[in-house]
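Reading through the structure tokens given below for one structure.
Taken together, the values in this text are just the output of simple stated rules run on the coordinates, not laboratory data. On a predicted model such as this, the values are computed, not experimentally measured, just so you know. Cβ atoms come from the backbone with ideal geometry, glycine included; neighbour counts cover every protein chain shown.
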Amino acid sequence: MSALHELNATAALAGLRAGDFSSEELTRAYLERIANHNARLNAYLYVAAESALQAAADADRQYTAARRTGATTPPLLGLPIAVKDVLAVAGMPATCGSRILEQFVPSYTATSVQRLLDAGVVILGKTNTDEFAMGSSTENSAYGVTLNPWDESRVPGGSSGGSAAAVAARLAPVALGTDTGGSVRQPAAFCGLTGLKTTYGRVSRYGLVAFGSSLDTVGVLAREAGDAHLILDVMGGYDPRDATTVEEIPNLAAPAGNSLAGLKIGVPQEYFIEGLSAEVETSVRVAIAQLEALGAEVLPVSLPHTEYALPVYYIIAPAEASANLARFDGVRYGLRAPQADLMDMFTHTRGEGFGPEVKRRIMIGAYALSAGYYDAYYGQAQKVRALIRQDFDNVFTKVDLIAAPATPSTAFRIGAHGSDPLEMYLEDVFTLPANLAGVPGLSLCAGFDAQGLPIGLQLLAPHFADERLLAVAAAYQSVTDWHQRGPAL
């Protein structure tokens, strides 16, 4: 049998159910990996070793009782997972990668996490993130940069870079991330993983510290599509605490088995543009040809307003962030910079607590929402956003799925974009449109470049066709082995 940390989530669960090993043994294997590698990689900000071992021991007792009585066990019983540090877990720190929340410990648990706990998971800890999920490299965390396990001189992507690095380095079999503009798909592409951005409204945002409320989604980072499916099945669904979740999820068709016969896949010309790495383009086109070989029909399509997604996103997202982050002022949460005057306390707390990128976005957002500029910027951005969504609606009347690159390049070196925020923002140029439209997206490994760095293929689907994405990814992974490769640590 493989070393326990080498098992994917599906195999780990099968082993637990069969009694091949215990949850405590599995959890200890991951805690040992974390102890050996996390100080260097900085994937975890908080390791919950004691509570994880307690939860694992409880899971083992449930398995023992079930084998004796024949009772059914919860679907994810004993499976260790990691959680991005923007999702609240009662009793664990929730820093959001920011100094302003450095001592904040929530008394509640996010609905997505609670559903996984109810299904039996063991939480290993909280993973690093760009501050308040604002970034594409995990360099913006107040608690240090996370390293890419494939090349430790490079970033793991962001903002869910800690979760991606943890899964890629075998410090967790699966992890939760969040995706506001590509923060699950881009790190999945940089770390050779399967990353699912769920449909907006599919998974509750209750307990997710808000960045852009109309864009935020909870997603999954896993080694392969089957593992991500396990998590989606449990954490999705209506939540009365989040009014944007839907009560009934449409039952949309998804391929059964490994044949893609009858499936139409659109390839948008707007995603193959100047600046796209030649190696990325080659691997993505080879992957699309592989989907065609599995039976899919590949058609050219157009999303004509794609070029406006980047400026639209960087008006809407900062505008929503400036409103959401107004609550962090030293009164109720985390850091407080004591001053004689209340207003001075507010300004000093926010000045000392927020990092440069968060301050930049708050200023952009406050400007876009200010009197006299609201209609010119925020109002116009919302109108163009409607056109971007309409593009997707039109294309999905002709095809079942869209295939495109996840990122313009492979993982870049730490500090490469440190002096130019616009260059950093361009890293998300292929992932932002899905968030503006609210559709689901997935990145999966489609090869490696000459430097041994993973390349991501992005799949996009109509609203609530998340299972279709996972089914097509599983079919691709049934005839390729890119997803089975791991970095040497």
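Let me test this: with uniform point scatterers at the alpha carbons of segment 350-423, what is the Debye-based log₁₀ I(q)/I(0) at q = 0.11 1/Å? Normalising to I(0) and taking log10 leaves -0.56.
Take the Cα of Phe272, go 7 Å toward its beta carbon, and the backbone nitrogen atoms of segment 379-406 under 18 Å from that spot belong to 399-406.
Over the C-alpha trace of segment 419-487, radius of gyration and Dmax come out as 14.3, 42 angstrom. Note on Lys359: lysines with a C-alpha under 25 Å away, same-chain residues under 8 apart excluded, are Lys84, Lys126. A simple spin-label model places pseudo-atoms 7 Å from Cα toward Cβ; at Thr282 and Ser419 they are separated by 3.2 nm.
Normalised by 2.2 N^0.38 Å, with N the number of residues, the alpha-carbon radius of gyration of segment 336-489 equals 1.41. Pairs of alpha carbons in segment 280-426 separated by more than 19 Å make up 69% of all such pairs.
If you compute P(r) over Cα pairs in 10 Å bins from 0, in percent for the structure shown, which of (1) 3, 10, 10, 8, 7, 6, 5, 4, 3, 3, 3, 3, 3, 3, 3, 4, 6, 6, 4, 2, 1, 0, 0; (2) 4, 21, 32, 27, 12, 3, 0, 0; (3) 4, 18, 26, 22, 15, 9, 4, 1, 0 do you land on? Answer label, from the structure shown: (2).
By the equivalent-ellipsoid construction on the alpha carbon gyration tensor, segment 1-134 comes out with semi-axes of 28, 17, 11 Å, ordered largest to smallest. Of the beta bridges in the chain, as assigned by DSSP with both residues counted there, near 65 percent are antiparallel. Note on segment 114-240: the C-alpha convex hull projects to 7.1 nm² when averaged across all orientations. Across segment 78-109, no residue has a backbone nitrogen under 15 Å from the label position 7 Å along the beta-carbon direction of Val331. Approximating the spin labels as points 7 Å out from Cα along Cα→Cβ, the Met363-to-Ser302 distance works out to 4.0 nm.
In units of the compact-protein estimate 2.2 N^0.38 Å, segment 192-319 shows a Cα radius of gyration of 1.26. The ratio of the alpha-carbon radius of gyration of segment 269-365 to the globular-protein estimate 2.2 N^0.38 Å is 1.81.
Averaging the sequence gap over all C-alpha pairs within less than 8 Å and six or more residues apart, then dividing by the number of residues, gives the chain a relative contact order of 18 percent. If you wrap segment 52-96 in the convex hull of its Cα atoms and look at it from every side, the mean projected area works out to 3.7 nm². Think of each Lys and Arg Cβ as +1 and each Asp and Glu Cβ as -1; about the Cα centre, that makes the dipole of the chain roughly 640 debye.
The Cα atoms of segment 393-437 give a gyration tensor whose axes a ≥ b ≥ c have a/c of 1.5 or more with a/b greater than b/c, which makes the shape prolate. Need the C-alpha centroid separation for segment 73-128 versus segment 222-295, integer Å. That distance is 26 Å.
Per residue of the chain, the DSSP helices (runs of n ≥ 4 H) give a summed -39500 (n - 2.57) that works out to -11500 deg cm²/dmol at 222 nm. The calculated Kirkwood hydrodynamic radius for segment 320-392 is 14.1 Å, given to one decimal from all distinct C-alpha pairs.
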